[in-house]
Structures are given as structure tokens and as C-alpha cells.
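In what follows, a structure is listed as C-alpha cells, so that the remarks can point back to it.
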Amino acid sequence: MPDVRVFQPAKTAMQSGRGNVKKWTLEFEPGSKKETDTLMGWTGSRDTQGQVRMKFESKEDAIAFCQRNKLSYTVSEPKKRRIKPKNYSDNFAFGRKTLWTH
């Protein structure tokens with residue numbers, strides 16, 4: 001089982017831009033299971049590495065960090081983004097297949 005995971009995070013639903021998704025993130029795999037506190041009902045774990053999340057400018061920097069610190073790692077490549085070209089005038093085209101509604 002790998003110690004860390006290297007990935008490029010996806011854009012959150014609250015963002016309109018793609019500025020924060022260019023960096024690569026390194027996070028540790030969970031070392032112990034989460035437990036529920038009987039008194040307060042909070043969920044937590046004894047594993048403090050689960051709180052560590054590091055950001056790197058490139059995938060190569062993250063991999064070099066893992067190799068330098070003798071960490072086993074897996075790299076998750078991001079999915080390729082497909083952009084559908086759209087024109088505003090297509091909303092009012094004569095041969096439109098669906099009805100135009102407000």
C-alpha cells in the first residue's frame with residue numbers, strides 16, 4: 001500500500017476560474033480508521049499524518065520530494081478537459097432540435 005498520493009485537485013463547484021488547479025497536491029493515506037468519540041460524538045483518528053497536505057508547483061517536484069524522503073507513492077493523472085464550443089446564436093437557430101424556453 002502506498003504511503004502518499006500525488007494528484008492534481010479538481011476545480012470546486014464554488015470557483016469559476018481554474019487558477020488553483022494547476023498545482024499538484026501530496027497527501028498521506030490514512031494510517032488508522034476513524035473513531036467516534038463516545039462523549040461528544042465527534043469523528044477523529046489518532047493518525048496525525050492525515051492532516052498533512054502539501055502543494056507543489058509540478059508533478060516532478062512532488063515525486064522528487066517522495067523519492068528524497070523514501071516515501072512510496074502513487075500518481076493520479078488528471079482527466080483531460082473537453083470543451084464543447086458554443087455560440088450564443090445557436091440558441092435562436094432555425095433548425096434547433098429542442099424548444100427555446102425562458
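So here's what we get for this one:
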quantity	calculated
Rounded to whole Hz, the Karplus (6.51, -1.76, 1.60) HN-Hα couplings of the stretch 88-96, x for glycine and proline	5, 5, 5, 5, 10, 5, 5, x, 4
Positive-pole candidate from Ile83, Asn69, Thr25, dipole of the stretch 14-90, charges at beta carbon	Ile83
Max mean-square fluctuation residue, GNM over the chain, Cα-Cα springs under 10 Å, options Thr38, Thr74, Thr25	Thr38
Debye intensity ratio in log₁₀ form over the Cα atoms of the chain, taken at each q of 0.11 Å⁻¹	-0.58
Point-charge dipole on Cβ atoms (K/R +1, D/E -1) for the stretch 5-46, about Cα centre, debye to 20	320
Likely footprinting exposure, Lys84, Lys55, fewest C-beta neighbours within 10 Å first	Lys84, Lys55
Sites matching chymotrypsin sites (Phe, Trp or Tyr not before Pro) across the stretch 37-102 that sit in DSSP coil, with at most 15 neighbouring C-beta atoms within 10 Å	Trp42, Phe94, Trp100
222 nm mean residue ellipticity, helices alone, for the chain (DSSP H n ≥ 4; -39,500 (n - 2.57); rounded to 500)	-3000 deg cm²/dmol
Reach of Lys86 by Cα under 26 Å, taken over lysines that are not fewer than 8 positions away in the same chain	Lys11, Lys22, Lys97
Listed residues Arg53, Arg81, Arg18, most fluctuating in the chain (Gaussian network, C-alpha, under 10 Å)	Arg81
Size of charge dipole - the chain - debye, nearest 20, with Cβ of Lys, Arg +1 and Asp, Glu -1, no other charges	700
Residues with amide H under 5 Å from that of Asp47, placed H, sequence gap 5 or more	Ser32
FRET E, pair Arg81, Asp3, Förster distance 41 Å, beta-carbon r, rounded to 0.05	0.90
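Every number in this text was worked out from the coordinates using simple rules, so none of it is lab data. Bear in mind the structure is a predicted one, so any value in this text is a computation, not a measurement. Quick reminder, even Gly has a Cβ in these numbers, built from the backbone with ideal geometry, and neighbours come from all protein chains shown.
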